[in-house]
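Visitor: The structure under discussion is supplied below as structure tokens; questions concerning it will follow.
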Amino acid sequence: MSRPPLLLALLALLAGCAGTPDDESRSDARWQPRPGVAWQWQLSGRVDTSVDVPVYDIDGFDQSKATVSALHAKGRKVICYLSTGAYEDWRPDAKKFPKSVLGKGNGWKGERWLDIRRTDVLEPLMAARFDMCRDKGFDAVEPDNMDGYKNRTGFPLKAADQLRYNRLIARLAHDRGMSVGLKNDLDQIPQLVGDFDFAVNEQCAQYGECADLTPFVKADKAVFHVEYELPTSRFCADSRRLKLSSMLKKYELGAWRRAC
């Protein structure tokens, strides 16, 4: 039985409004934290899930899927902390890193810079770590030690090597549906702000560098910032002006915090 042209047009319009499975997947975009959102960063001790903030950043290896789920149940987004630019000798996958990619110590016990030029070795290792974050239900990744080219690593790393590696790290997170933050690499923010969903910074106030993070805020992306040695009276006013998500923490990154 044929239908009148007007009815066919109406049915087509309704079908377009209803959307398609592809439309639904596009609406389920990865999480994008906005400037000024409050957060908690805890990498040591038993995670205190009672801090009333929308975002938690916790250790990807040490914390379980149950902890992530408990935070989700309280309406919080959860970031998976991983070291992607340095080797840590206590991690369960430490033996998978060949000696050829291990450089000088980075100042923390048991840690050594990685030769980020060796993506043939490091990409599958980092992909497995990102799979772990995804499988535990994390919303995002905080990849640490992303500025080896500015340090004495034992390798002749160049800015181009760092850009290539950092973009690889961003892609690994995005391919798994997770957001990803740029950690500390201030000089390359102009080139990388489009590749990352937020920034994480330590001590930009102490070193007079917080304005360098402005490109993230202008892109409507959060900047998660901590100071360790300055009192809040020395940085919170500027943090509010710059729309940073700032707090004072202790170096061991336990539960204690003093937010701006």
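Visitor: So which GluC sites (Glu not before Pro) in the range 209-243 end up in coil per DSSP with only 14 or fewer other C-beta atoms within 10 Å? Mind showing how you got there, number by number?
Guide: On the way: sites: GLU209, GLU227, GLU229; in loops: GLU209, GLU229.
In loop regions of the range 209-243 (DSSP not H, G, I, E or B), the sparsely surrounded GluC sites (Glu not before Pro) are GLU209, GLU229.
Visitor: Provide the gained length on full extension for the span ASP120 to ASP135, in nm with one decimal, where the gain is 0.36 nm per separating residue minus the Cα-Cα distance.
Guide: 3.0 nm
Visitor: Probe of 1.4 angstrom, ligands and nucleic acids ignored: what's the accessible area per residue over the chain, in square angstrom?
Guide: With all protein chains present, the chain gives 50 Å² per residue.
Visitor: In the Gaussian network model of the chain, springs joining C-alpha atoms below 10 Å, which of TRP113, TRP90, TRP41 carries the largest mean-square fluctuation?
Guide: The residue that fluctuates most here is TRP90.
Visitor: Once phi is turned into ³J(HN,Hα) by the Karplus curve 6.51 cos²θ - 1.76 cosθ + 1.60 with θ = phi - 60°, what whole-Hz value does each residue of the range 156-163 show in order, with x for glycine and proline?
Guide: In residue order, the calculated couplings are x, 6, 10, 4, 5, 4, 5, 4 Hz.
Visitor: Counting only protein heavy atoms and using a 1.4 Å probe, what share of the accessible area of the range 95-182 belongs to carbon plus sulfur, as a whole percent?
Guide: The nonpolar share, carbon plus sulfur, comes to 49 percent.
Visitor: Further, regarding this structure: Under a cut-off of 20 Å between alpha-carbon atoms, report the lysines in cross-link reach of LYS136, not counting same-chain residues fewer than 8 places apart.
Guide: Filter leaves LYS65, LYS74, LYS77.
Visitor: Add +1 for every Lys or Arg and -1 for every Asp or Glu among the other residues with Cβ under 12 Å from the Cβ of PRO190, and state the total.
Guide: -3
Visitor: Given R₀ = 35 Å, what would the calculated FRET efficiency be for HIS72 paired with ALA219, taking r from the Cβ atoms and rounding to 0.05?
Guide: Details: r = 26 Å, r/R0 = 0.75.
It comes to 0.85.
Visitor: What is the sum of charges around ALA127, taking Lys and Arg as +1, Asp and Glu as -1, for the other residues whose C-beta is under 9 Å from the C-beta of ALA127?
Guide: -1
Visitor: I've got another one for you. Do you know the relative contact order of the range 72-172, to the nearest whole percent, from alpha carbon pairs under 8 angstrom that are 6+ apart?
Guide: Averaging sequence separation for qualifying contacts and normalising by length gives 36 percent for the range 72-172.
Visitor: Which lysines, on any chain, are close to LYS109 with Cα under 18 Å apart, when same-chain ones fewer than 8 places away are left out?
Guide: Those lysines meeting the cut-off are LYS95, LYS99, LYS250.
Visitor: Next up: Using just the helices of the chain, give the 222 nm mean residue ellipticity in deg cm²/dmol: DSSP H runs with n ≥ 4 each add -39,500 (n - 2.57), and the total is spread over all residues, rounded to 500.
Guide: That calculation yields -9000 deg cm²/dmol at 222 nm.
Visitor: Connecting C-alpha atoms closer than 10 Å in a GNM of the chain, tell me which of PHE97, PHE216, PHE198 has the biggest fluctuation.
Guide: Maximum among the listed residues: PHE97.
Visitor: Let me ask something else. Estimate the FRET efficiency between ARG167 and ASP238 by the formula 1/(1 + (r/R0)^6), using the beta-carbon distance for r and 35 Å for R0, to the nearest 0.05.
Guide: Rounded to the nearest 0.05, the efficiency is 0.70.
Visitor: Could you calculate the contour length gain from GLN203 to GLU229, that is, 0.36 nm times the residue separation minus the distance between their Cα atoms, to one decimal place in nm? Don't skip to the end; give the middle numbers.
Guide: On the way: separation 26, 0.36 × 26 = 9.36 nm, distance 0.82 nm.
Between GLN203 and GLU229, full extension yields 8.5 nm more.
Visitor: Using Cα pairs closer than 8 Å and at least 6 residues apart in sequence, work out the relative contact order for the chain, in percent.
Guide: Values: 440 pairs, mean separation 50.1, N = 260.
Relative contact order here is 19 percent.
The values are calculated or read from the model by the stated rules, or taken from the named source; none is laboratory data. A quick note: this is a predicted structure, and the numbers were derived from the prediction, not measured. Positions of Cβ are backbone-derived with ideal geometry, glycine not excepted, and every protein chain shown enters the neighbour counts. Ligands, DNA and RNA are excluded from the accessible area calculation, which covers all protein heavy atoms including side chains. Shrake-Rupley method; radii C 1.70, N 1.55, O 1.52, S 1.80 Å.
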